[in-house]
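Following: one structure in structure tokens, then a few remarks.
Throughout, read-outs are computed from the coordinates displayed, never taken from laboratory work. Worth saying up front: this structure is predicted, and the values here are computed from it rather than measured. Cβ: placed from backbone, ideal geometry, glycine included. Neighbour counts: every protein chain shown.
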Amino acid sequence: MNFTRFFFRSLSRSSNAAFLKQQRHVIVGSKSYSILKSSTPRKAVSVKVNTLNDLKHSHSNQIRTMKTLDFGGTKEVVYERSDWPKEKFQEFFKNDTIAVIGYGPQGSGQSLNARDNGLNIIIGLREGGRSWNEALADGWVPGKTLFPIEEALKKGTIIFNLLSDAAQKELWPKFVPHLTKGKTLYFSHGFSIVFKDETHVIPPKDIDVIMVAPKGSGRTVRSLFLDKRGINSSIAIFQDVSGKAKDTAVALGVAIGSGYLYETTFEREVFSDLFGERGVLMGAIQGLFLAQYEVLRSRGHTPSEAFNETVEEATQSLYPLIGANGMDWMYAACSTTAQRGALD
């Protein structure tokens, strides 16, 4: 049995089961609720929302507006969709051409969402490659909305650099001549900027440099948009020459399908993202699953028993409950033996 293959197949089936569940319990106005449903005596985290609008619990009908959230004494501004209705960001970008360079999961998901939202999007790719053919299949038209990379860079007033980190380093010399004064350079990951000594990605000083980083894969960005929902994203400003860089970032974040947007910096985004991928988002969880499976097998358990106790129960039963109701709720729903095993 190829454990890794079975693990990722099983995980993919449950990846959307509880993704981005809304927090059902917040403080709205003078009403206080718990952010976690729990029958245990653990202290819940309260969230204060400074807004006159009530929160509605439907994904499709939710009122979204900028709020200040108080997470246990730490206040954060959160931007939401109603800050930038479609008509508003269409007007804001009416004179812009957004050139999306790269057509991997983020490039395709973000560009298709922005196109569906009525923005002027063009794609820049290596002509004739696999991504070029994928873009053709998605309805991008050569000479109209699909161009070789350098031609797209020349045409774009806002340039989405959504290439892989390695390709960003390799192709950066092609970007530089076209990053003329007044343009905006957009990233969805801060690696190239933060590790500039290795990547040599150093933008000119007379352009805006911003980031919108969706907290999920590009496929999830697209699927949630099609479901009339939205993904959480973080935004960051590296250079604000125009004085409008934050407005641009928030508006583009909404246009590409974000429901909520949180402020960060390029540095914090990179370090938290890399740490998360090596931790519970990817590396640690795969390592724990593999180690547990191998230990069970070495102690005489059958492959099916080891797999069910390691992957199936976690991804198909417990993790969706955690996503829907919180960790405290899940602990309360388990036996005392399971609780002792987890906490001892």
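Based on the Cβ-Cβ distance from residue 295 to residue 336, what FRET efficiency comes out when R0 is 22 Å, to the nearest 0.05?
Working from the Cβ atoms, E equals 0.35.
What FRET efficiency comes out for the pair residue 127/residue 219, r = Cβ-Cβ distance, R0 = 30 Å, nearest 0.05?
Rounded to the nearest 0.05, the efficiency is 0.75.
Grab every C-alpha pair in the stretch 87-276, bin the distances at 10 angstrom width from 0 up to the longest one, and report whole percents.
Bins of 10 Å from zero give 10, 40, 40, 10, 0 percent of pairs.
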